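Okay, structure first, notes after.
The values are calculated or read from the model by the stated rules, or taken from the named source; none is laboratory data. Everything quoted here is computed from the prediction, not taken from an experiment.
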Amino acid sequence: MLTSDELTPTSDSYAQREMEILRRELSEAQALIRTLRRQLEKAIAAAQEAQRAHAKMVETLTETMRENTVLCHERDMWRARAQRLESSLHEEIRPGAAIDISSLVGQISEDEANAIRKAMARLHHPDVGGDPERMKAWNAALDRLFRQ
């Protein structure tokens, strides 16, 4: 057992114990620093990955908006062409009356005629509440357009 003289701050055994305690605390502090450094590196890597994912998402959204703009422009173009075609008819279509679009021969392509056919089907097809006679008239007129 140690006497009180051996435990005084000036004794060698007291100094050795203090040094041992300080070494242990230093070792624990270094281990904690290593753990915190690893956690920080993981957090930085996760933040960098999140930035890359965000940049990719922004790029994808930008491209999607660009494509949407092009598609809206094309839709509006086809809609305007269909409206011009319909307005070029001089008189109101009567049930059973033929639609004369012979003046458009050579002015529109077959793809444009098919687009017009689809647009008219969306408006006049009986399945969507349209007039079956008017749909038949449009189909006949567009068929005649490319038979000539």
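Every residue, every condition in (1) part of a helix (DSSP H, G or I); (2) more than 46 Å from the chain's Cα centre (by Cα); (3) at pLDDT 85 or above; (4) farther than 27 Å from E133 by Cα, yes or no:
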{"position": "A45", "(1), (2), (3), (4)": "yes, no, yes, yes"}
{"position": "A55", "(1), (2), (3), (4)": "yes, no, yes, yes"}
{"position": "M65", "(1), (2), (3), (4)": "yes, no, yes, yes"}
{"position": "L85", "(1), (2), (3), (4)": "yes, no, no, no"}
{"position": "G106", "(1), (2), (3), (4)": "no, no, no, no"}
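Mind counting the residues in segment 108-148 that are of a type in the set (S, T, Y) and at pLDDT below 75?
Of the residues in segment 108-148, 0 are of a type in the set (S, T, Y) and at pLDDT below 75.
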